[in-house]
Amino acid sequence: MNHQINNNSVIFINDIADKRLGAYLNIKERDLTGRQSRFIAEGKVVLRVLLNSSIFEAESLLITGNKLAGMQDILSLCPSHVPVYSVSSSDMDQIAGFNVHRGVLAVGKRKNQNNINDIIQNLPENGLIVILCGISNHDNIGSVFRNAAAFEASCILLDDTCCDPLYRKAIRVSVGATLQIPYVQNGNIDDIVKTVAEAGINLIALSPQGTHSLYELPVSGRTALLLGTEGEGLPKHLLSSLQTARIPMSGNFDSLNVATASGIALSCLTRSNFT
């Protein structure tokens with residue numbers, strides 16, 4: 001039996017082998033391969049971001065029956081053509097292959113593909129770009145996106161050695177920011193840096209060995225912050241050819257996690273007057 005919630009008819013399914021649930025099957029194992037440009041959004045907060053996104057859209061929703069009553073406001077954002085499926089909590093865990101304690105999943109896809117040249121062309125006068133090199137940890141990717149959203153960075157550029165921001169864990173850690181901030185993941189870091197530099201954008205490479213204190217750099221106009229892993233860091237040839245900055249810290253400690261460093265740096269470079 002189906003029930004109407006706002007503009008969507010909730011479809012109750014009792015058979016975990018129902019083909020309509022195929023996209024949610026064993027998503028923990030399938031997250032790394034075979035997604036065919038789709039991704040899984042998890043939890044109410046992330047689902048709200050997805051349904052409000054101008055970059056991505058939902059293909060379907062899967063919600064446990066005990067969560068439906070508290071989903072009225074979010075489901076009101078869902079287009080009427082998007083199916084809303086409902087199963088029991090135990091069935092959702094079997095379908096997904098792990099304990100989905102939030103009880104809310106959605107399959108999303110990209111509406112349109114961003115292009116690095118278009119993003120740079122549309123960058124505001126005081127726009128701030130984050131460039132990521134070699135960030136392969138899902139938690140770090142998610143955290144950097146979350147920080148970028150908090151400090152209103154204009155966009156994020158990732159080289160092809162970074163992990164996909166649409167991994168389920170990265171989306172969850174970002175609290176949906178990977179679905180909110182325009183980004184492009186394409187090409188090697190040298191090509192990305194060259195494209196940004198040729199556009200006349202001020203490049204700052206962040207490194208513990210940076211020449212200047214981040215707090216002492218005169219920053220104005222369009223700026224790009226370049227971040228690498230906390231282990232290997234940025235390639236040496238980039239550090240030798242770009243303006244470098246460091247976050248002043250205790251000499252008794254090696255370095256900060258890239259997620260933490262990005263938050264400090266973005267707070268320092270932000271052009272917004274937050275109150």
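The values are calculated or read from the model by the stated rules, or taken from the named source; none is laboratory data. No experiment lies behind these values; they were computed from the predicted model shown. Positions of Cβ are generated from backbone atoms using ideal geometry, with glycine treated the same way; all protein chains shown enter the neighbour counts.
Listed values, structure above:
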{"read-out": "Test: residue in region 121-128 that is on the phi > 0 side of the Ramachandran plot and surrounded by fewer than 19 Cβ atoms within 10 Å (Cβ to Cβ)", "value": "no"}
{"read-out": "Failed condition for residue 253, given (1) out of contact with any Cys (no Cβ under 7 Å at 6 or more places or on another chain); (2) in contact (Cβ under 8 Å) with a residue 12 or more places away in the chain", "value": "(2)"}
{"read-out": "Residue that is surrounded by the fewest Cβ atoms within 10 Å (Cβ to Cβ), among those in region 3-25 that are modelled with pLDDT under 90 and in a loop (DSSP other than H, G, I, E, B)", "value": "7"}
{"read-out": "Residues of region 66-103 satisfying the condition of being among the hydrophobic types (A, V, I, L, M, F, W, C) and in contact with a Lys or Arg (Cβ under 8 Å, 6 or more places away or on another chain)", "value": "71, 74, 77, 96, 98"}
{"read-out": "Search result, residues across region 200-235 that are within 21 Å of residue 155 (Cβ to Cβ), hydroxyl-bearing (Ser, Thr, Tyr) and over 22 Å from the mean Cα position of the chain (by Cα)", "value": "220"}
{"read-out": "Evaluation of residue 60 against (1) surrounded by fewer than 18 Cβ atoms within 10 Å (Cβ to Cβ); (2) modelled with pLDDT of 95 or more; (3) not charged (D, E, K, R) (one fails), failing number", "value": "(1)"}
{"read-out": "Single residue of region 213-258 satisfying the filter (charged (D, E, K, R) and closer than 24 Å to residue 126 by Cβ) that is surrounded by the fewest Cβ atoms within 10 Å (Cβ to Cβ)", "value": "216"}
{"read-out": "Qualifying positions in region 131-160 - among the β-branched types (Val, Ile, Thr) and in contact with a Ser or Thr (Cβ under 7 Å, 6 or more places away or on another chain)", "value": "135, 144"}
{"read-out": "Of the criteria (1) over 17 Å from residue 202 (Cβ atoms); (2) surrounded by fewer than 24 Cβ atoms within 10 Å (Cβ to Cβ); (3) not polar (S, T, N, Q), which one residue 144 fails", "value": "(2)"}
{"read-out": "Residues of region 172-216 classified as without any contact (Cβ under 8 Å) to a residue 40 or more places away in the chain and either aromatic (Phe, Trp, Tyr) or part of a strand (DSSP E or B) (or both), total", "value": "3"}
{"read-out": "Per-region count, region 128-165, residues of a type in the set (Gly, Ala, Ser) and under 13 Å from residue 230 (Cα atoms)", "value": "2"}
{"read-out": "Members of region 83-110 found to be closer than 18 Å to residue 45 by Cα, in contact (Cβ under 8 Å) with a residue 12 or more places away in the chain and under 23 Å from the mean Cα position of the chain (by Cα), listed by number", "value": "100, 102, 103, 104, 105, 106, 107, 108, 109"}
{"read-out": "Selection status of residue 157, in the same structural domain as residue 127 (by TED's automatic domain parsing), under 16 Å from the mean Cα position of the chain (by Cα), in a loop (DSSP other than H, G, I, E, B) and surrounded by 15 or more Cβ atoms within 10 Å (Cβ to Cβ)", "value": "no"}
{"read-out": "Test result for residue 131, modelled with pLDDT of 95 or more, under 30 Å from residue 223 (Cβ atoms) and either crowded, with 19+ Cβ neighbours inside 10 Å or of a type in the set (Val, Ile, Thr) (or both)", "value": "yes"}
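Per-residue answers, yes or no, for (1) farther than 30 Å from residue 51 by Cα; (2) of a type in the set (S, T, N, Q); (3) assigned by TED's automatic domain parsing to the domain that holds residue 122:
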{"position": "178", "(1), (2), (3)": "no, yes, yes"}
{"position": "185", "(1), (2), (3)": "no, yes, yes"}
{"position": "199", "(1), (2), (3)": "yes, no, yes"}
{"position": "215", "(1), (2), (3)": "yes, no, yes"}
{"position": "231", "(1), (2), (3)": "yes, no, yes"}
{"position": "245", "(1), (2), (3)": "yes, no, yes"}
{"position": "250", "(1), (2), (3)": "yes, yes, yes"}
{"position": "258", "(1), (2), (3)": "no, no, yes"}
